[in-house]
Amino acid sequence: MIKVGDRVPSVKLKHMTAEGIKDITTDELFKGKKVVLFALPGAFTPTCSAKHLPGFVQRAAEIKAKSVDTIACLSVNDAFVMNAWGKEQKVEDKVLMLADGNGDFTRAVGLEMDGTGYGLGQRSRRYAMVVQDGVVKALNIENPGAFEVSSAEAVLKAL
């Protein structure tokens, strides 16, 4: 499992742009930047939709005021779902919606979750990390079923 001080692995993710789905590598995302990346089990799921993503949308200006270049939301969903969820949540340009459709990044950082008992398949655990130039500076991983340490408020305190 990834930990503070580790370099984020080099993985390709997807995101929706005006021109359609585009690849973005973690190298492109993190190199020379301060990034808040939060991950969650699934788009349109209850806690993720009611609390996790909305908190980052509402607190985006405060987070970015702490010298954060990008706030990114990652889930093991496809780019179409992440885009639709972002529109439904009125994310606009406040949060970059990243699709880890095959779970490559999630496995590479060792934060996968087995959601097969709920019909979800393999998903990401709920967490938030602060990454500076590709190196993890803070990492808040939730216990299963919890939503305490990965919120926008908790990240603001870590910044």
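The values are calculated or read from the model by the stated rules, or taken from the named source; none is laboratory data. Owing to the predicted nature of the structure, the values given are computational and were not obtained by experimental measurement. With ideal geometry, Cβ positions are generated from the backbone for all residues, glycine too; neighbour counts draw on all protein chains shown.
At a glance:
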| item | result |
| --- | --- |
| Which listed residue is within 19 Å of residue 133 (Cβ to Cβ) and modelled with pLDDT of 95 or more, from 22, 64, 14 | 64 |
| Residues within region 33-61 that are surrounded by 16 or more Cβ atoms within 10 Å (Cβ to Cβ), at pLDDT 95 or above and part of a loop (DSSP other than H, G, I, E, B), tallied | 1 |
| Qualifying residue in region 119-126 (condition: of a type in the set (Ser, Thr, Tyr), modelled with pLDDT of 95 or more, under 21 Å from residue 58 (Cα atoms) and in a strand (DSSP E or B)) | no |
| Conditions (1) surrounded by 18 or more Cβ atoms within 10 Å (Cβ to Cβ); (2) in a strand (DSSP E or B); number of the one not met by residue 21 | (1) |
| Output for region 62-96, where each listed residue is in contact with a Lys or Arg (Cβ under 9 Å, 6 or more places away or on another chain), touching a residue at least 60 places away in the same chain (Cβ under 8 Å), within 17 Å of residue 23 (Cβ to Cβ) and not in a helix (DSSP H, G or I) | 78 |
| In region 118-159, residue farthest from residue 5 (Cα to Cα) [restricted to those that are hydrophobic (A, V, I, L, M, F, W, C) and exposed (fewer than 14 other Cβ atoms within 10 Å of the Cβ)] | 146 |
| Residue match in region 104-112 (condition: free of Cβ contacts under 8 Å to residues at least 12 places away in the same chain, in a loop (DSSP other than H, G, I, E, B) and not polar (S, T, N, Q)) | no |
